1. For region A:107-132: of the residues being more than 9 Å from ligand 1 (Cβ to nearest atom), within 14 Å of chain B (Cβ to nearest Cβ) and not hydrophobic (A, V, I, L, M, F, W, C), which is surrounded by the most Cβ atoms within 10 Å (Cβ to Cβ)?
2. Could you pull out the residue among B:ALA277, B:ALA306 that is within 22 Å of B:GLY364 (Cα to Cα), surrounded by 24 or more Cβ atoms within 10 Å (Cβ to Cβ) and out of contact with any Ser or Thr (no Cβ under 8 Å at 6 or more places or on another chain)?
3. Do you know which residues across region A:14-29 are within 17 Å of A:ILE192 (Cα to Cα) and either modelled with pLDDT under 95 or surrounded by fewer than 23 Cβ atoms within 10 Å (Cβ to Cβ) (or both)?
4. Taking B:LYS371 as meeting all but one of (1) touching a strand residue (DSSP E or B) at 6+ places or on another chain (Cβ under 7 Å); (2) over 27 Å from B:ALA236 (Cβ atoms); (3) surrounded by fewer than 23 Cβ atoms within 10 Å (Cβ to Cβ), write down the number of the exception.
5. Tell me, which residue of region A:133-155 that is under 15 Å from A:GLY207 (Cβ atoms) and either within 14 Å of chain B (Cβ to nearest Cβ) or under 17 Å from the mean Cα position of the chain (by Cα) (or both) is nearest to ligand 1 (Cβ to nearest atom)?
6. With the checklist (1) crowded, with 24+ Cβ neighbours inside 10 Å; (2) within 16 Å of ligand 2 (Cβ to nearest atom) in hand, flag the one item A:GLY11 doesn't pass.
7. Scanning region B:339-363 for residues that are in contact with a strand residue (DSSP E or B) (Cβ under 9 Å, 6 or more places away or on another chain) and part of a loop (DSSP other than H, G, I, E, B), which turns out surrounded by the most Cβ atoms within 10 Å (Cβ to Cβ)?
Amino acid sequence: MKNLFDSGHRGCAGCCDAMAAKFTLMGAGEDSIVINPTGCLEVMTTPFPETSWNVPWIHSLFENAAAVGAGVEAALKSLGKENTKVVVMGGDGATLDIGMRSISGTFERGHDLTYVCIDNEAYMNTGVQRSGATPYNASTTTSPSGKVSFGNPRPKKNMPAIMAAHGAPYVATTSIGFPKDMIKKVAKATEIEGPTYVHAHAPCTTGWGFDTSKTVEVAKMAVQTGLWPLYEMEDGEVTKVRKIGKNVKPVEDYLKMQRRFKHLFTMEGGEEEIAKIQAIADKNIEDFGL
Amino acid sequence: MAPENKLDKSKMVVVEGSYAVAHAVKTCRPNVISAYPITPQTHIVEDLSQFMADGEIPNCEYINVESEFSALSALVGSSAAGARCYSATTSQGLELMHEVLFNVSGMRLPVVMTIVNRAVSAPISIWNDQQDSISQRDTGWIQLYAENIQEISDMTAQAYKISEDKDILMPAMTCMDGFILSHVYEPVVLLEQDLTDEFLPAYEPERILDPKNPLSFGAFADPNYYAEFRYLQEQAMQKALKKIEDVANEFYDIYGRYYGGLIDEYRTDDADIIIMAMGSIVGTIKDLIDKLRDRNVKVGLLKVRAFRPFPAEAIKEVIKDSKVIVTLDKNISLGLNEGALCTETKSVLYNSDIRVPVIGYMIGHGGRDIKVDTIEKIVDDAEEVIKTGIRIESQFADLKEELL
Ligand SMILES: Cc1ncc(C[n+]2csc(CCOP(=O)(O)OP(=O)(O)O)c2C)c(N)n1
Ligand SMILES: [Mg+2]
């Protein structure tokens, strides 16, 4: 199979965005047009005059990728080229925060496209600032832990639920730690007519603070603790869940792997905070029957 | 010498300005329309929506977006995918698009957008001035200003032809004064479909988003490359100067209608006083000039049709033998106490050997009626400048002192 996402990009060693882009294109196939908002993936793949993309690709701005995607889809329709797939790949900031209006409009209008959110849980491109997807107690450059702070004060925004509430026929969560799962879900999403949404958890070696060889391991651990449940929703109902079963790991194992949670193990009161994070995982396990 | 405008009276119908524009858009055969409603642009998008509902625009998708930001963003995608694209907006909507405006022109996407000129908030006002589009003058969009409904309608086809030219590939705003042109009924010749098909070829861009030939659009340019992109945009603007003239002439050859190219002139030949203005105010000025000429006041009009690219040479040629220039601006650059036409006219004269004084008036802001008397008074001021020189370089023309 042709490498639709080529080597030679400027991402960090162990970059999660590069894996996510590669898996997305393995699922979507070569008859696709890709839209990227501003963010790590865009910057590292297209330093003019080079490009990593062997599919047609467009970057416009940070907050409008879903609208650009809608425009591409409308153009393909009006020009009689409906078979080509429209695939948006946006970071968590571009998706949950600044691009919220645009993605909401695009999904409400029912454009036939697939939106893949590459969720590395912060604004990595600009230096690891918090986003609406940053988890509870993660230390980022704008939600640092400090003498009177455990880091990010809020849990992650539940974006898949928001997209399902838009009436999207298909919403799925996935993780770059599970390539087959991701490729399969993206393929399915692009086959289904209408606006479909795939939310991919993507640990960032630089922003989260772990060794560049550990990206996949950290991703897997997020799933195994229940902090990142993998499921599919069709027409608003959860139709499939990836079970963890007896292999469930304590969140502590996951938190320990990452510098962004290091303070929880050194600060007074950290234990109680870890317990709160465990409660988030426990609730996921219960809610989704993991 | 400007060609004689040949309006075929038998073809004329009485329609609202917005309808004439919507009809013109339809006639240009757009592939994607994407717009968000805002007064006084609404009638244009409503009329287009009705055309869509009646199946009257073939091979076209209308995107009912959730904001102006997305209206123009969608067209970035559509245009890059090879579609002829249209939008319309005004005021707050145009300001909301600001970031996208730069993006469209930087990516050299020939989108055409009607601006139904309106004041900007605060205070919020739905009425006409031209602050909205003038504030976007640096975004890399061609800006054309229309005098009447016939012109704004015909300008739509002209704009596509200019923008889509392979040497230009710059987006264009066609600007019409809100309410004064958008909501007024006038007899016009609706843009003719058969003639437009002859005038405006199908849009066939060389580079599009196409899986058979994958290209990357919107890469980032480091300091080794960025400046050249900007330079090439400016080169395209300079080429547009001639293109705007050519297209006005081609339009005349096919349709028999002409409103000027970059500029138009009215009784400027021997004029001592030349009034410069843009948009619907031009009609009022022409009436006044006729009246003043009867009293032997040597006054003429320079109508600026193209504000971007700015027609420096064309302006200089007209005004070089005059004794005073009066600019009328429905906008102000706060902190400079001047409207843009005033500032830019002065700027193109500065390093030339033309020594004509320029005085500027901010007028008609937020929809205040522009009375003939007000302009007549301005002409009186101009006559004084010829005699005694400039006393006040730039000022508001129609302030109500009692409110201050
Ligand atoms: C309107 C606007 N605001 C801010 C920025 C600066 N900016 C560029 S990328 C980015 C963060 C991207 O974060 P995310 O979408 O999560 O992608 P990531 O880089 O983490 O993959 C920010 C804040 C911008 N380019 N445009
Ligand atoms: Mg991110």
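1. Step by step, filter region A:107-132, then rank; the result is A:TYR115.
2. B:ALA306
3. Those that are within 17 Å of A:ILE192 (Cα to Cα) and either modelled with pLDDT under 95 or surrounded by fewer than 23 Cβ atoms within 10 Å (Cβ to Cβ) (or both): A:MET26, A:GLY29.
4. (1)
5. It comes out as A:ALA133.
6. Tallying (1) crowded, with 24+ Cβ neighbours inside 10 Å; (2) within 16 Å of ligand 2 (Cβ to nearest atom), A:GLY11 fails exactly one: (1).
7. For region B:339-363, the residue satisfying everything is B:GLY339.
Residues checked against (1) assigned to a loop (DSSP other than H, G, I, E, B); (2) in contact with a helix residue (DSSP H, G or I) (Cβ under 7 Å, 6 or more places away or on another chain):
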position: B:LYS26; (1), (2): no, yes
position: B:ARG29; (1), (2): yes, no
position: B:SER49; (1), (2): no, no
position: B:MET52; (1), (2): no, no
position: B:GLU66; (1), (2): yes, yes
position: B:LEU72; (1), (2): no, yes
position: B:GLY93; (1), (2): no, yes
position: B:ASN103; (1), (2): no, yes
position: B:MET113; (1), (2): no, no
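The values are calculated or read from the model by the stated rules, or taken from the named source; none is laboratory data. Here the structure is a predicted model, which means the values were calculated and not measured. Cβ atoms come from the backbone with ideal geometry, glycine included; neighbour counts cover every protein chain shown.
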